[in-house]
Amino acid sequence: MSSSARQEMPGQVMACRICRTPLNTYQDTDGIEPASYRHPHRSTAWDHQPDPVPMIELDDVTISCDFCSDRYPLVVVGTERITSAIPGGDIHNFGTTWAACAACALDLDNNRLTQLTGRALRRLRFSRDSREAFLLRALHAGVGAGLRPGRALITGVRWPRALYRPGELPATRDHLVELMGSRYRLPTSLEQPGIRAELAMSLQQATLYWADLKASILIRRTMSSDPAPLSCPALPTPHGLLLWAKPLVTGHHGLLDAVSWTVRDDQTIGVTVYRAFGGNLPSSTRNAIRDDIGWLLPVQHTTLTTQVTTSDPARPLTVLGSLIAQGHLSISTDPTPDRSSPPNAERIRPGGSSVHRVRVVPAAGSR
């Protein structure tokens, strides 16, 4: 179990400088001795001793599920403060926030604590009648009893690639609209006043675009060149959502799968980038999570400036507008219809349900 998502423990949250893994915190019962820090338990032994430093001083901290150690945590859940104590021994302060993978989050939401503990025992390779199993059952019972409302999305995890078809974009957009009004807390840039409401409105009006493989590769290659200015007229529509057939790489945000934009009344451009998730989930878990959260995780929102650096999250949109203006990319005039699900009149957005294809313009003389 890791302390990866805990933000309210006394003092600073610590991580190991060597492996960048968040550390568990232990304190002696009288509180006189300094706290000690240990690696979380896992199925294979650690090959080094902890080298504790404040977690905020490290980049790329390795986060795992606090319940089963899965490498792809999805949400942070909150609880009352939970501690454990051994008579004559240390006090383990678990804090009040916990990272949960998709499966563990579903179990917590549905009060399936037996399944939660069972998964942890299998992943950590503990027998069901071991001392560790007894402690895990007690800990999970405390978590279940102390759950607080609300969840926060963990958007920094680099998920295995999830494959999408153009016809799935309308449903993807609908889920994003609903996510803006949901219980989930989003990254800080999207929690600024008015941003969630603005994004929901923009997505409802957004024209949907699919960049095919060749177009995605061209955008990805061009992103490594010098930044080019982007003006509002270079964008195909005032509101849009674009999904790439091949994910793009942008600075410290890693792989990104989609971008949306809105041209505001003052002619500034709001840009949001997204990462696909769930590529490694079994179908039953993936379907349940997509019904609740959707298919894309918002990573960051920003306002487009005149000049965008190669590490700026708005860089993909800059390149898209530049390539369209230069005639290297074209947008199909025959939109691809939504074939992902039967028509549902209640969910038709003002932006429509058709998906327009972004293609590379053939070179002169080519067939």
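Can you find a residue that is at pLDDT below 90, of a type outside the set (D, E, K, R) and either assigned to a helix (DSSP H, G or I) or in the same structural domain as VAL299 (by TED's automatic domain parsing) (or both) anywhere in the stretch 135-148?
Within the stretch 135-148 (the criterion being at pLDDT below 90, of a type outside the set (D, E, K, R) and either assigned to a helix (DSSP H, G or I) or in the same structural domain as VAL299 (by TED's automatic domain parsing) (or both)), the answer is yes, since at least one residue qualifies.
Take the residues of the stretch 285-311 that are modelled with pLDDT under 80 and surrounded by fewer than 21 Cβ atoms within 10 Å (Cβ to Cβ): which is nearest to LEU218 (Cα to Cα)?
Keep residues of the stretch 285-311 that are modelled with pLDDT under 80, which gives 304-311.
Of the ones still in play, those that are also surrounded by fewer than 21 Cβ atoms within 10 Å (Cβ to Cβ) are 305-307, 309-311.
Numbers: THR305: 23, THR306: 22, GLN307: 20, THR309: 18, THR310: 15, SER311: 17 Å.
Result: THR310.
Only one residue in GLU198, GLU168, GLU178 is at pLDDT below 90, in a helix (DSSP H, G or I) and either of a type in the set (D, E, K, R) or not assigned by TED's automatic domain parsing to the domain that holds PRO247 (or both), so which one is that? Spell out the reasoning first.
Numbers: GLU198 fails: at pLDDT below 90; GLU178 fails: at pLDDT below 90.
It is GLU168.
Answer yes or no: is there a residue in the stretch 210-222 that is part of a strand (DSSP E or B), assigned by TED's automatic domain parsing to the domain that holds PRO236, crowded, with 19+ Cβ neighbours inside 10 Å and on the phi < 0 side of the Ramachandran plot. Outline the logic, then answer.
As a first pass, look at the stretch 210-222 and keep what is part of a strand (DSSP E or B): 210-211.
After this cut, where a residue has to be assigned by TED's automatic domain parsing to the domain that holds PRO236 as well, the list is 210-211.
This time we only want the ones that are crowded, with 19+ Cβ neighbours inside 10 Å, so: 210-211.
Those left that are additionally on the phi < 0 side of the Ramachandran plot: 210-211.
Yes.
Please work out which residue is farthest from THR302 (Cα to Cα), limiting yourself to the stretch 258-277 and to residues that are crowded, with 21+ Cβ neighbours inside 10 Å and either small (Gly, Ala, Ser) or free of Cβ contacts under 8 Å to residues at least 24 places away in the same chain (or both).
Here the residue is ALA276.
Out of ASN111, ASN93, report the one residue that is at positive phi and in contact (Cβ under 8 Å) with a residue 12 or more places away in the chain. So that I can check it myself, show each step before the final result.
Numbers: ASN93 fails: at positive phi.
So the residue among ASN111, ASN93 that is at positive phi and in contact (Cβ under 8 Å) with a residue 12 or more places away in the chain is ASN111.
With the structure loaded, tell me whether GLU57 is loosely packed, with under 14 Cβ neighbours inside 10 Å, at pLDDT below 85 and within 25 Å of the chain's Cα centre (by Cα) or whether it fails that test. Full working, then the answer.
Values: loosely packed, with under 14 Cβ neighbours inside 10 Å: yes; at pLDDT below 85: yes; within 25 Å of the chain's Cα centre (by Cα): yes.
So GLU57 passes the test.
What do you reckon, is PRO187 of a type outside the set (A, V, I, L, M, F, W, C), over 26 Å from ALA162 (Cα atoms) and at pLDDT below 90?
Working: of a type outside the set (A, V, I, L, M, F, W, C): yes; over 26 Å from ALA162 (Cα atoms): no; at pLDDT below 90: yes.
It is false that PRO187 is of a type outside the set (A, V, I, L, M, F, W, C), over 26 Å from ALA162 (Cα atoms) and at pLDDT below 90.
Quick one: would you say LEU255 is crowded, with 19+ Cβ neighbours inside 10 Å and at pLDDT below 80?
Values: crowded, with 19+ Cβ neighbours inside 10 Å: no; at pLDDT below 80: yes.
Considered against the rule, which asks whether it is crowded, with 19+ Cβ neighbours inside 10 Å and at pLDDT below 80, LEU255 comes out as no.
Which of (1) at pLDDT 85 or above; (2) part of a loop (DSSP other than H, G, I, E, B) does PRO343 not meet, given it meets every other one?
Result: PRO343 fails condition (1) only.
Which residues, counting only those in the stretch 116-174, are of a type in the set (Asp, Glu) and surrounded by 19 or more Cβ atoms within 10 Å (Cβ to Cβ)? Spell out the reasoning first.
If we filter the stretch 116-174 for residues that are of a type in the set (Asp, Glu), which is where we start, we get 129, 132, 168, 174.
ASP174, the sole residue that qualifies.
Which of the residues belonging to the stretch 181-195 are hydroxyl-bearing (Ser, Thr, Tyr) and assigned to a helix (DSSP H, G or I)? Working first, answer last.
First, the residues of the stretch 181-195 that are hydroxyl-bearing (Ser, Thr, Tyr): 182, 184, 188-189.
Once the filter is applied, which keeps residues that are hydroxyl-bearing (Ser, Thr, Tyr) and assigned to a helix (DSSP H, G or I), the stretch 181-195 yields THR188, SER189.
Against the definition (at pLDDT below 90 and basic (Lys, Arg)), how does ARG119 come out, yes or no? It would help to see each step written out before you state the result.
Details: at pLDDT below 90: no; basic (Lys, Arg): yes.
Criteria not met by ARG119.
The values are calculated or read from the model by the stated rules, or taken from the named source; none is laboratory data. Here the structure is a predicted model, which is why all the values come from computation and not from measurement. Please note: Cβ atoms are built from the backbone with ideal geometry, for glycine as well, and neighbour counts cover all protein chains shown.
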